[in-house]
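Single-structure report; data block below.
The values are calculated or read from the model by the stated rules, or taken from the named source; none is laboratory data. On a predicted model such as this, the values are computed, not experimentally measured, just so you know. Neighbour counts run over all protein chains shown; Cβ positions are idealised from the backbone, glycine included.
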Ligand SMILES: CC(C)(COP(=O)(O)OP(=O)(O)OC[C@H]1O[C@@H](n2cnc3c(N)ncnc32)[C@H](O)[C@@H]1OP(=O)(O)O)[C@@H](O)C(=O)NCCC(=O)NCCS
(Lines give C-alpha, C1' and ligand atoms only; values in the text may rest on other atoms or scores of the structure.)
Protein backbone atom coordinates (compact mmCIF):
# COMPACT_ATOMS: atom_id res chain seq x y z
CA UNK A 1 0.00 0.00 0.00
CA UNK A 2 1.19 3.52 -0.63
CA UNK A 3 1.02 6.62 1.50
CA UNK A 4 -2.24 8.37 0.58
CA UNK A 5 -1.64 11.65 2.42
CA UNK A 6 -1.93 14.80 0.32
CA UNK A 7 0.10 17.93 0.92
CA UNK A 8 -2.77 20.04 -0.47
CA UNK A 9 -5.08 19.18 2.41
CA UNK A 10 -4.79 20.26 6.05
CA UNK A 11 -3.41 17.62 8.38
CA UNK A 12 -6.36 15.66 9.77
CA UNK A 13 -6.74 15.44 13.54
CA UNK A 14 -5.50 12.31 15.27
CA UNK A 15 -8.25 10.59 17.24
CA UNK A 16 -6.41 7.57 18.67
CA UNK A 17 -3.00 6.02 18.51
CA UNK A 18 -1.94 2.49 19.46
CA UNK A 19 1.47 0.84 19.23
CA UNK A 20 0.94 0.04 15.53
CA UNK A 21 -2.02 2.14 14.37
CA UNK A 22 -3.35 5.69 14.05
CA UNK A 23 -7.05 6.53 13.83
CA UNK A 24 -7.46 9.95 12.24
CA UNK A 25 -10.12 12.19 10.71
CA UNK A 26 -11.00 11.72 7.05
CA UNK A 27 -9.64 13.74 4.13
CA UNK A 28 -10.97 14.05 0.58
CA UNK A 29 -8.02 11.98 -0.65
CA UNK A 30 -9.17 9.03 1.45
CA UNK A 31 -12.36 8.51 -0.56
CA UNK A 32 -10.79 6.86 -3.59
CA UNK A 33 -8.42 4.78 -1.46
CA UNK A 34 -11.22 3.56 0.78
CA UNK A 35 -13.31 2.60 -2.22
CA UNK A 36 -10.45 0.62 -3.74
CA UNK A 37 -9.46 -1.19 -0.54
CA UNK A 38 -12.69 -1.46 1.46
CA UNK A 39 -16.04 -0.35 -0.01
CA UNK A 40 -15.42 -1.93 -3.41
CA UNK A 41 -14.20 -5.30 -2.08
CA UNK A 42 -16.94 -7.94 -1.70
CA UNK A 43 -14.88 -10.00 0.77
CA UNK A 44 -14.49 -7.01 3.07
CA UNK A 45 -18.08 -5.80 2.77
CA UNK A 46 -19.79 -9.20 3.19
CA UNK A 47 -20.60 -8.56 6.86
CA UNK A 48 -20.59 -4.76 6.83
CA UNK A 49 -23.59 -2.39 6.62
CA UNK A 50 -25.97 -3.87 4.01
CA UNK A 51 -23.48 -6.58 3.04
CA UNK A 52 -22.68 -5.46 -0.47
CA UNK A 53 -20.03 -3.47 -2.29
CA UNK A 54 -20.53 0.21 -3.02
CA UNK A 55 -19.83 2.08 -6.21
CA UNK A 56 -17.32 4.89 -5.87
CA UNK A 57 -20.15 7.42 -5.98
CA UNK A 58 -22.10 5.64 -3.25
CA UNK A 59 -18.99 5.23 -1.11
CA UNK A 60 -18.30 8.94 -1.47
CA UNK A 61 -21.85 9.85 -0.41
CA UNK A 62 -21.70 7.42 2.49
CA UNK A 63 -18.35 8.74 3.70
CA UNK A 64 -19.44 12.37 3.46
CA UNK A 65 -22.56 11.56 5.48
CA UNK A 66 -21.10 9.27 8.14
CA UNK A 67 -17.33 9.82 8.40
CA UNK A 68 -15.71 12.53 10.46
CA UNK A 69 -13.84 15.07 8.32
CA UNK A 70 -13.42 17.82 10.91
CA UNK A 71 -12.56 18.10 14.58
CA UNK A 72 -15.03 15.54 15.99
CA UNK A 73 -13.36 12.70 17.85
CA UNK A 74 -16.44 10.52 17.50
CA UNK A 75 -17.74 9.25 14.19
CA UNK A 76 -16.26 6.86 11.67
CA UNK A 77 -12.62 7.65 10.94
CA UNK A 78 -9.67 6.43 8.90
CA UNK A 79 -7.46 3.68 10.28
CA UNK A 80 -3.82 3.82 9.22
CA UNK A 81 -0.68 1.84 9.93
CA UNK A 82 2.43 3.28 11.49
CA UNK A 83 4.96 4.41 10.51
CA UNK A 84 4.00 5.66 7.05
CA UNK A 85 0.26 6.21 7.29
CA UNK A 86 -0.94 3.46 4.96
CA UNK A 87 -4.74 3.54 4.90
CA UNK A 88 -6.04 0.11 5.97
CA UNK A 89 -9.72 0.73 6.72
CA UNK A 90 -12.01 2.48 9.15
CA UNK A 91 -12.91 2.38 12.80
CA UNK A 92 -14.35 4.69 15.41
CA UNK A 93 -16.98 5.25 18.03
CA UNK A 94 -20.22 6.09 16.33
CA UNK A 95 -23.85 6.60 17.40
CA UNK A 96 -26.00 3.52 17.67
CA UNK A 97 -29.76 3.42 18.22
CA UNK A 98 -30.29 -0.34 18.62
CA UNK A 99 -31.06 -2.08 20.91
CA UNK A 100 -31.30 1.11 22.99
CA UNK A 101 -31.99 4.67 21.91
CA UNK A 102 -28.69 6.41 22.46
CA UNK A 103 -25.32 4.65 22.59
CA UNK A 104 -21.93 4.57 20.98
CA UNK A 105 -20.70 1.45 19.25
CA UNK A 106 -17.13 0.49 18.49
CA UNK A 107 -16.25 -0.86 15.07
CA UNK A 108 -13.44 -1.98 12.79
CA UNK A 109 -13.43 -2.74 9.07
CA UNK A 110 -10.15 -3.38 7.34
CA UNK A 111 -8.77 -4.14 3.89
CA UNK A 112 -7.91 -7.82 3.41
CA UNK A 113 -4.17 -7.34 3.60
CA UNK A 114 -4.56 -5.99 7.15
CA UNK A 115 -6.46 -9.03 8.47
CA UNK A 116 -4.94 -11.53 10.86
CA UNK A 117 -2.44 -9.17 12.50
CA UNK A 118 -4.38 -8.47 15.69
CA UNK A 119 -5.31 -4.97 14.52
CA UNK A 120 -9.04 -5.29 15.32
CA UNK A 121 -8.25 -6.19 18.91
CA UNK A 122 -5.66 -3.39 19.14
CA UNK A 123 -7.88 -0.57 17.85
CA UNK A 124 -10.90 -2.06 19.66
CA UNK A 125 -9.11 -1.78 23.02
CA UNK A 126 -8.21 1.84 22.27
CA UNK A 127 -11.83 2.62 21.36
CA UNK A 128 -13.08 1.11 24.63
CA UNK A 129 -10.51 3.13 26.59
CA UNK A 130 -11.57 6.34 24.84
CA UNK A 131 -15.27 5.66 25.37
CA UNK A 132 -15.03 4.80 29.03
CA UNK A 133 -12.11 6.94 30.20
CA UNK A 134 -12.39 10.06 28.04
CA UNK A 135 -16.05 10.25 27.07
CA UNK A 136 -17.48 8.82 30.31
CA UNK A 137 -19.74 6.30 28.58
CA UNK A 138 -21.70 4.00 30.90
CA UNK A 139 -21.70 1.23 28.29
CA UNK A 140 -20.35 0.57 24.83
CA UNK A 141 -21.75 -1.75 22.17
CA UNK A 142 -20.42 -3.78 19.27
CA UNK A 143 -22.88 -4.91 16.58
CA UNK A 144 -21.82 -7.82 14.43
CA UNK A 145 -23.20 -10.06 11.72
CA UNK A 146 -24.00 -13.26 13.69
CA UNK A 147 -21.76 -15.46 11.48
CA UNK A 148 -18.77 -13.10 11.54
CA UNK A 149 -16.61 -15.37 13.70
CA UNK A 150 -13.42 -13.30 13.46
CA UNK A 151 -15.18 -10.12 14.56
CA UNK A 152 -17.03 -11.92 17.38
CA UNK A 153 -13.76 -13.41 18.52
CA UNK A 154 -12.15 -9.97 18.59
CA UNK A 155 -15.08 -8.49 20.56
CA UNK A 156 -15.01 -11.27 23.16
CA UNK A 157 -11.21 -11.04 23.44
CA UNK A 158 -11.78 -7.37 24.28
CA UNK A 159 -14.04 -8.46 27.16
CA UNK A 160 -17.39 -7.67 25.55
CA UNK A 161 -20.23 -10.14 26.14
CA UNK A 162 -23.16 -11.22 24.00
CA UNK A 163 -26.35 -9.36 24.88
CA UNK A 164 -28.99 -10.17 22.25
CA UNK A 165 -29.77 -10.23 18.56
CA UNK A 166 -31.52 -7.21 17.04
CA UNK A 167 -33.25 -6.40 13.78
CA UNK A 168 -33.79 -2.92 12.44
CA UNK A 169 -35.13 -1.30 9.32
CA UNK A 170 -31.73 0.09 8.35
CA UNK A 171 -29.40 -2.88 8.88
CA UNK A 172 -29.52 -6.66 8.52
CA UNK A 173 -29.87 -8.68 11.77
CA UNK A 174 -27.00 -8.11 14.19
CA UNK A 175 -25.71 -9.72 17.38
CA UNK A 176 -25.11 -7.09 20.03
CA UNK A 177 -22.05 -7.29 22.27
CA UNK A 178 -21.80 -5.01 25.28
CA UNK A 179 -19.41 -3.85 27.97
CA UNK A 180 -20.42 -1.68 30.94
CA UNK A 181 -18.22 0.90 32.59
CA UNK A 182 -18.08 -1.37 35.68
CA UNK A 183 -16.92 -4.28 33.55
CA UNK A 184 -14.27 -2.04 31.99
CA UNK A 185 -13.01 -0.91 35.42
CA UNK A 186 -12.94 -4.50 36.71
CA UNK A 187 -11.47 -6.12 33.59
CA UNK A 188 -8.37 -8.25 33.92
CA UNK A 189 -5.48 -6.11 32.72
CA UNK A 190 -4.63 -7.27 29.23
CA UNK A 191 -1.32 -6.74 27.50
CA UNK A 192 -2.97 -4.19 25.20
CA UNK A 193 -4.33 -2.26 28.16
CA UNK A 194 -0.90 -2.01 29.80
CA UNK A 195 0.81 -0.75 26.64
C1 LIG B 1 -13.26 -9.05 11.27
C2 LIG B 1 -11.96 -8.27 11.25
C3 LIG B 1 -12.21 -6.86 11.76
C4 LIG B 1 -10.94 -8.97 12.16
O5 LIG B 1 -9.76 -8.20 12.15
P6 LIG B 1 -8.36 -8.83 12.60
O7 LIG B 1 -7.43 -7.70 12.82
O8 LIG B 1 -7.98 -9.88 11.62
O9 LIG B 1 -8.76 -9.44 13.99
P10 LIG B 1 -7.77 -9.83 15.17
O11 LIG B 1 -6.53 -10.41 14.54
O12 LIG B 1 -7.59 -8.67 16.12
O13 LIG B 1 -8.61 -10.92 15.94
C14 LIG B 1 -9.37 -11.87 15.23
C15 LIG B 1 -9.39 -13.13 16.06
O16 LIG B 1 -10.36 -13.98 15.47
C17 LIG B 1 -9.69 -15.17 15.07
N18 LIG B 1 -10.34 -15.61 13.85
C19 LIG B 1 -10.07 -15.26 12.58
N20 LIG B 1 -10.91 -15.89 11.75
C21 LIG B 1 -11.72 -16.63 12.52
C22 LIG B 1 -12.79 -17.53 12.25
N23 LIG B 1 -13.23 -17.71 11.00
N24 LIG B 1 -13.39 -18.13 13.29
C25 LIG B 1 -13.00 -17.90 14.56
N26 LIG B 1 -11.98 -17.07 14.89
C27 LIG B 1 -11.37 -16.45 13.86
C28 LIG B 1 -8.25 -14.82 14.89
O29 LIG B 1 -7.43 -15.96 15.02
C30 LIG B 1 -8.07 -13.85 16.06
O31 LIG B 1 -7.98 -14.53 17.27
P32 LIG B 1 -6.59 -14.78 18.06
O33 LIG B 1 -5.94 -13.45 18.20
O34 LIG B 1 -7.02 -15.35 19.36
O35 LIG B 1 -5.81 -15.72 17.19
C36 LIG B 1 -11.35 -8.20 9.82
O37 LIG B 1 -11.24 -9.49 9.32
C38 LIG B 1 -12.17 -7.37 8.86
O39 LIG B 1 -11.99 -6.17 8.77
N40 LIG B 1 -13.11 -8.04 8.14
C41 LIG B 1 -13.97 -7.38 7.17
C42 LIG B 1 -14.88 -6.35 7.80
C43 LIG B 1 -15.65 -6.87 8.99
O44 LIG B 1 -16.30 -7.90 8.92
N45 LIG B 1 -15.58 -6.08 10.07
C46 LIG B 1 -16.31 -6.37 11.28
C47 LIG B 1 -17.64 -5.73 11.23
S48 LIG B 1 -18.51 -6.00 12.77
When you go through 142, 131 one by one, which is the residue that is crowded, with 21+ Cβ neighbours inside 10 Å, near the ligand (Cβ under 10 Å from one of its atoms) and at pLDDT 95 or above?
-> 142
Exactly one of 89, 51, 70 is surrounded by fewer than 20 Cβ atoms within 10 Å (Cβ to Cβ) and either within 16 Å of the ligand (Cβ to nearest atom) or not in a loop (DSSP other than H, G, I, E, B) (or both), and that one is 51
Scanning for something in contact (Cβ under 8 Å) with a residue 24 or more places away in the chain, in a loop (DSSP other than H, G, I, E, B) and touching a helix residue (DSSP H, G or I) at 6+ places or on another chain (Cβ under 9 Å), does the range 139-154 turn up at least one residue?
-> yes
So which residues in the range 101-121 are more than 6 Å from the ligand (Cβ to nearest atom) and either more than 11 Å from the chain's Cα centre (by Cα) or modelled with pLDDT under 95 (or both), if there are any at all?
-> 101, 102, 103, 104, 111, 112, 113, 114
Single residue of 95, 83 found to be without any contact (Cβ under 8 Å) to a residue 40 or more places away in the chain, under 27 Å from residue 134 (Cβ atoms) and either surrounded by 17 or more Cβ atoms within 10 Å (Cβ to Cβ) or under 14 Å from the mean Cα position of the chain (by Cα) (or both) = 95
So, of the residues in the range 156-172 that are under 28 Å from residue 33 (Cα atoms) and in contact (Cβ under 8 Å) with a residue 40 or more places away in the chain, which turns out to be surrounded by the fewest Cβ atoms within 10 Å (Cβ to Cβ)?
-> 172
